[in-house]
1. Roughly how big is the stretch 70-145's charge dipole about its Cα centre, with Cβ charges of +1 (Lys, Arg) and -1 (Asp, Glu), in debye to the nearest 20?
2. For a label point 7 angstrom out from the Cα of Arg167 toward its Cβ, which stretches of the stretch 119-159 have the backbone nitrogen within less than 20 Å?
3. To the nearest 0.05, what FRET efficiency results for Tyr85 and Glu116 with a Förster distance of 30 Å applied to their C-beta separation?
4. For Ala130 and His109 in the same chain, what is the full-extension length gain: residue separation times 0.36 nm, less their Cα-Cα distance, in nm?
5. Take peptides 54-64, 76-86 and line them up by average Cβ neighbours within 10 Å, highest first, as a rough protection proxy.
6. Which GluC sites (Glu not before Pro) in the stretch 103-167 sit in a loop by DSSP (not H, G, I, E or B) and have at most 13 other Cβ atoms within 10 Å of their own Cβ?
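Taken together, the values in this text are just the output of simple stated rules run on the coordinates, not laboratory data. What you see is a predicted model, and the numbers here were worked out from it, not measured in a lab. Quick reminder, even Gly has a Cβ in these numbers, built from the backbone with ideal geometry, and neighbours come from all protein chains shown.
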Amino acid sequence: MADRQPERTFGWEDMWVPPADDPREAGEAVFGERATLVRYLRDRRLTLELKCQDLTPEQLALRSVPPSDLSLLGLVRHLAEVEQYWFRVVMLDERPERHYRGSAAVAFHEAVGDDEHVDDAWRRWRDEVAYAELVVLTTPDLGTRGRGPEQPELREVLVHMIEEYARHLGHADLLRERIDGRIGQ
């Protein structure tokens with residue numbers, strides 16, 4: 001007979017943080033398109049930080065299952081690239097030095113579990129998030145298009161970023177459960 005997995009239970013005790021301490025969706029209700037999009041994106045970014053909280057560099061770099069090179073650290077690195085691309089390149093037509101040169105997979109397969117790589121990944125991600133927040137804050141109209149030819153409106157970029165984070169937070173749930181059994185909120 002195969003080993004049986006314990007039955008999964010869900011409840012407040014399984015949450016990352018008690019509801020009263022959850023930094024997401026904190027504050028007053030939001031109204032309007034801009035406030036709603038900004039809040040949802042902010043909360044997805046906070047969720048990424050929660051999913052990676054209290055892990056060692058080695059745990060952050062732990063791969064999912066062979067042959068995948070997916071890891072939480074790889075997700076942080078990838079999302080720094082995504083933030084950079086959509087806000088600097090698409091919206092402002094800048095040409096910054098890209099964070100992880102080479103194929104799109106470099107962010108994942110070169111995610112090394114040591115303090116230097118982890119600190120660098122978080123610094124790059126936080127810098128790009130701060131820059132993106134400034135772009136959104138200083139762009140008065142969500143209908144503003146990126147500066148390159150046939151670029152999307154800022155509102156579409158924000159929706160895409162929420163979708164991008166949502167997809168990868170599903171990956172982060174599974175990775176975190178593999179690392180230490182925490183399941184997700």
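1. 280
2. 125, 129, 151-159
3. Plugging the Cβ-Cβ distance into 1/(1 + (r/R0)^6) gives 0.80.
4. That works out to 5.0 nm of additional length.
5. 76-86, 54-64
6. Passing both the DSSP loop test and the Cβ count: Glu150.
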